[in-house]
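J.: There's a structure below that I have some questions on.
The values are calculated or read from the model by the stated rules, or taken from the named source; none is laboratory data. All of these numbers come straight from a predicted model, not from anything done at the bench. FYI the Cβ positions are ideal-geometry reconstructions off the backbone, even for glycines, and counts take in every protein chain you see. What goes into the accessible areas is simple: the full protein's heavy atoms, side chains included, and nothing from ligands, DNA or RNA. Shrake-Rupley method; radii C 1.70, N 1.55, O 1.52, S 1.80 Å.
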Amino acid sequence: MIHPTYPCACFATAALVCSSITASAQEPAISSVKRIGNDVELKFTGTAGVEYILQKSETLEQRSWLPTGVTVTGTGAEQTVLVPGAGTPGRNFLRFSYTFDPVPSGYVRIPSGSFIMGDQNVPYEGLLKERPPITTQTGAFHLKATEVTKAEWDSTFTWAVANEYTFSNSAGAGKGPDHPVTNVNWYDVIKWCNAKSEQEGRQPCYTLRGSDGRHTVYRTGSPTRIIWEFGANGYRLPCEAEWEKAARGGVVGRRFPSGTTIDHSVANFFASRSNYAYDTTGIDGMHPTYVTGAIPYTAPVASFPPNPYGLYDMDANVREYCWDTSTSDWSEGYVVKAESSSSLFPRAVRGGDWSSSAFQCRSSYRSQEFPDTGKKNYLGFRLVKGPLN
């Protein structure tokens, strides 16, 4: 999570003041602050492995802080960092924010930084809405290594209905307790995330804004607008950029989370070798191991090798909801929004499912579902734990 208080430096035209608001084991110790032209040079010692993000503001109002674009990982020794534009004449404040939660059990830390989002093949081989490829920046975040299972859904669902939550799609479904939960719509997933947050004493990520401007926790109904509280430390869905960055595993240009080709040894999907040269499965059709009983033909989570980040089933098994409203293409870049669109607009869905073709298992593939959609046996989700950085 982002530390709510910080070492702070104030820069005025003729004066420099440094102060520390709180003390913490991860808090960086500032040893030197110097203006160099319109820039500021900071020397500090941070905890090894902790990621520090420099923010700036002209006031100390909590909502006024903006990113400087400077992120640095502590080494345990003194480091020097240059903050462009922070030394311009006038009153300027700098602060460190930083991630101090250890990686939660069952989650993977996805590092901050930029990546190429969208269809990276030349010539393009994907959908129009996967283009053009764009360079996108994300902060670090913790993503669940597996899709949410039916057992996990049931545990929080039982708590939620006893604590003023209502769901439109009953209790969800699943082939088994260790299979991904399905038959849940986007609204129910958002409410479930809030319930899990409250169940564990964390701040829910999703609220409703009343006519008086106050925000209340979203627990019931299918409202026109939902607010994502970016700084909340509870559970949430990934945005599209976070999902695709995680799927790519830090590797540029790979077609799939698992590699450049796909077969039944790495994912649970519908093979069709004659349609796609990159489908190298030995036989066509559903994965033979999981065609048992009634549909859906899901596999237990983590039945296949993970991608380079340690995430399972990013190629396929069930498709996964994201926070974002689905867009037609990347021509205007990518911006994550704090307020959801109405139910008239579909939500972004990523990844393939047990009945998907190889084409639909590609990292850049984008599909969509309306947030109040009926029960779908190919749709599930995975969690992010913590704020948007």
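J.: Using only DSSP helix segments of four residues or longer, with each worth -39500 (n - 2.57), what per-residue ellipticity at 222 nm results for the chain after dividing by its residue count and rounding to 500?
T.: The helix contribution divided over the chain gives -3000 deg cm²/dmol.
J.: Straight distance only, please: which lysines reach the Cα of K43 with their own Cα at less than 26 Å, same-chain residues fewer than 8 apart left out?
T.: K34, K56
J.: Hey, another quick one. Leaving out same-chain residues fewer than 8 places away, which lysines sit with a Cα under 28 Å from that of K196?
T.: K144, K150, K175, K245, K337, K375, K376, K385
J.: So for the range 119-177, averaging the separation of alpha carbon pairs under 8 Å that are six or more residues apart and normalising by length, what relative contact order in percent results?
T.: Across the range 119-177, relative contact order equals 30 percent.
J.: What is the percent carbon and sulfur in the accessible area of the chain, measuring with a 1.4 Å probe over the protein chains and ignoring ligands?
T.: Carbon and sulfur atoms account for 53 percent of the accessible area of the chain.
J.: Another question about this same structure. Give the share of C-alpha pairs in each 20 angstrom bin for the chain, from 0 to the last occupied bin, in whole percents, shortest bins first.
T.: Spelled out bin by bin, the chain gives 27, 53, 19, 1 percent.
J.: For the full complex of protein chains and a 1.4 angstrom probe, list D154, D119 by accessible area with the highest value first.
T.: The residues order as D154, D119, largest area first.
J.: When only C-alpha pairs under 8 Å and at least 6 residues apart count, what is the relative contact order of the range 93-194, in percent?
T.: Relative contact order, the range 93-194: 23 percent.
J.: Which one of L82, M117, P132 has its Cα pushed farthest toward the positive end of the charge dipole of the range 82-155, where Lys and Arg give +1 and Asp and Glu give -1 at the Cβ?
T.: So the residue we want is L82.
J.: May I pose another question? Taking only the Cα atoms of the range 349-389, how large is their convex hull per residue, in Å³?
T.: 111
J.: Treating only the Cβ of Lys, Arg, Asp and Glu as charged (+1, +1, -1, -1), what charge dipole size does the chain show about its Cα centre? Round to the nearest 20 debye.
T.: The dipole magnitude comes to about 380 debye.
J.: Still on this structure, please answer the following. Treating the range 136-292 as a set of equal point scatterers at the Cα positions, no solvent, please give the Debye-formula log₁₀ I(q)/I(0) at q = 0.08, 0.21 Å⁻¹.
T.: -0.33, -1.32
J.: Please report the spacing between the Cα centers of the range 217-256 and the range 365-380 in Å, no decimals.
T.: 15
J.: Given the protein chains as shown and a 1.4 Å probe, how many square angstrom of H215 are accessible, to the nearest 10?
T.: H215 has an accessible surface of roughly 80 Å² with all protein chains in place.
J.: Compute the separation of the alpha-carbon centres of the range 120-152 and the range 291-328 and state it in Å as a whole number.
T.: Cα centroid to Cα centroid, the span is 12 Å.
J.: What fraction of the Cα pairs in the range 136-213, stated in percent, has a spacing above 18 angstrom?
T.: Summing the P(r) of the range 136-213 above 18 Å gives 48 percent of all pairs.
J.: Residues with amide H under 5 Å of Y52's amide H, sequence separation 5 or more or different chain, H placed in the peptide plane at 1.01 Å from N; which?
T.: Counting only residues 5 or more places away or on other chains, the set is V72, T73, G74.
J.: Let me ask you something else. Using Cα pairs under 8 angstrom and six or more residues apart, how large is the relative contact order of the range 288-389, in percent?
T.: Value for the range 288-389: 29 percent.
J.: Residue by residue through the range 338-346, which ³J(HN,Hα) values in whole Hz follow from phi under the Karplus form 6.51 cos²θ - 1.76 cosθ + 1.60 (θ = phi - 60°), with glycine and proline marked x?
T.: Karplus-based 3J(HN,Hα) across the range 338-346 equals 7, 10, 6, 7, 5, 5, 6, 10, x Hz.
J.: Related question: Heavy-atom accessible area of M286 with all protein chains present, probe 1.4 Å, nearest 10 Å²?
T.: About 50 Å², ignoring ligands and nucleic acids.
J.: For the range 171-259, compute Rh as the Kirkwood radius over C-alpha pairs and then the Stokes-Einstein diffusion coefficient at 4 °C and 1.567 mPa s; write the answer in µm²/s, rounded to an integer.
T.: Taking Rh from Cα pairs, D becomes 85 µm²/s.
J.: Arrange the residues R255, R273, R362 by how much accessible surface each exposes, largest first, with a 1.4 angstrom probe.
T.: Largest accessible area first, the residues go R273, R255, R362.
J.: Using heavy-atom solvent-accessible surface (probe 1.4 Å) with all chains present, what is the largest-first order of T146, T216?
T.: Listed by decreasing accessible area, they come as T216, T146.
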